[in-house]
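Where a number appears in this text, it was derived from the coordinates with a stated rule and is not lab data. Predicted model, so just to flag it, every value in this text is computed and none were measured. Reconstructed Cβ throughout: ideal geometry from the backbone, glycine too, with neighbour counts over all protein chains shown.
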Amino acid sequence: MVLPGRAPGLHLSDRGRDQAVRVAERLSGLPVDALYSSPLERACETAEPTAVRTGLAVKHDDGLLECDFGEWTGAAIAELAALPEWQTVQHSPSTFRFPDGESFPEMQARIVGAMEVLRAAHAGGVIVCFSHADPIKAAVAHALGTPLDLFQRIVISPGSVSAISFVEGQDPAVHMVNSTSEPLSGLRAS
């Protein structure tokens, strides 16, 4: 297993395509106003069934990109886990910058900033964003007020749904994290 990062040309497996269809089915009861995706192929492919179901075009947003793992991109996770730096990634991520890549605070600021721009552009609406595990974990940690050094405790599985609502003048509310089976019809715009 390797750390894929922003490597181009990585596509969904058959299982990933099935998960994407399931996400689209689960989202079908929501009044979705807009779809956004990381421009990486695997995120765009995950968004595609939802775009077909909703009839909405998927807009790419670089703020939703995977973390830039720099020189670690494509490296075997077993080899990376043997490095002393791996412990920093797991236990003090706020202090770590990937060699020739991004730091976790930069990644978190990027996705939180992108979500704020999208929230403002679609005030009161439902926006569905397709991103990657680490940025989603960082966004959820931010919404919960959890320190970035604890974000590795949040689990984000492929094909899962996490929901955060934003109301002007209020702190964000986290409605679900890493949901892979619950109906989503109860989620509505505030």
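On full extension, the segment bounded by ASP62 and ASP14 gains 14.7 nm, given 0.36 nm per residue less the C-alpha separation.
Specify the angular offset, from 0 to 90 degrees and rounded to the nearest 10, of the alpha carbon long axis of helix 133-144 from the longest principal axis of the alpha carbons in the chain. Relative to the chain, helix 133-144 is tipped by roughly 70 degrees. Label sites at SER165 and SER181, each approximated as a point 7 angstrom past Cα along Cα to Cβ, lie 2.5 nm apart. Comparing PRO158, GLY63, LEU184 along the charge dipole axis of the chain, the residue lying farthest to the positive side is LEU184, per the Cβ-charge model. Extension gain for the segment ALA123 to SER94, taken as residue separation times 0.36 nm less the Cα-Cα distance, is 7.4 nm to one decimal. What angle, in degrees between 0 and 90 and rounded to the nearest 10, separates the Cα long axis of helix 41-54 from the longest principal axis of the Cα atoms of the chain? The two axes meet at around 10 degrees. List the residues, sorted by chain then number, that are 5 or more residues from HIS175 or on another chain and whose placed amide H is less than 5 Å from its amide H. Those lying under 5 Å, H to H, from HIS175 are ALA163, ILE164, SER165.
Taking other Cβ atoms within 10 Å as a rough exposure proxy, LEU35, LEU150 sort from fewest to most as LEU150, LEU35.
The phi-based Karplus calculation (6.51 cos²θ - 1.76 cosθ + 1.60; θ = phi - 60°) puts the 3J(HN,Hα) values of region 93-107 at x, 5, 9, 10, 10, 5, x, 6, x, 9, 8, 5, x, 5, 4 Hz, whole numbers, x for Gly and Pro.
The slack between ALA109 and ALA7, meaning 0.36 nm per residue of separation minus the straight C-alpha distance, is 34.6 nm. Simple point charges give the picture: +1 on the Cβ of Lys and Arg, -1 on the Cβ of Asp and Glu, and for the chain a dipole about the Cα centre of about 560 debye.
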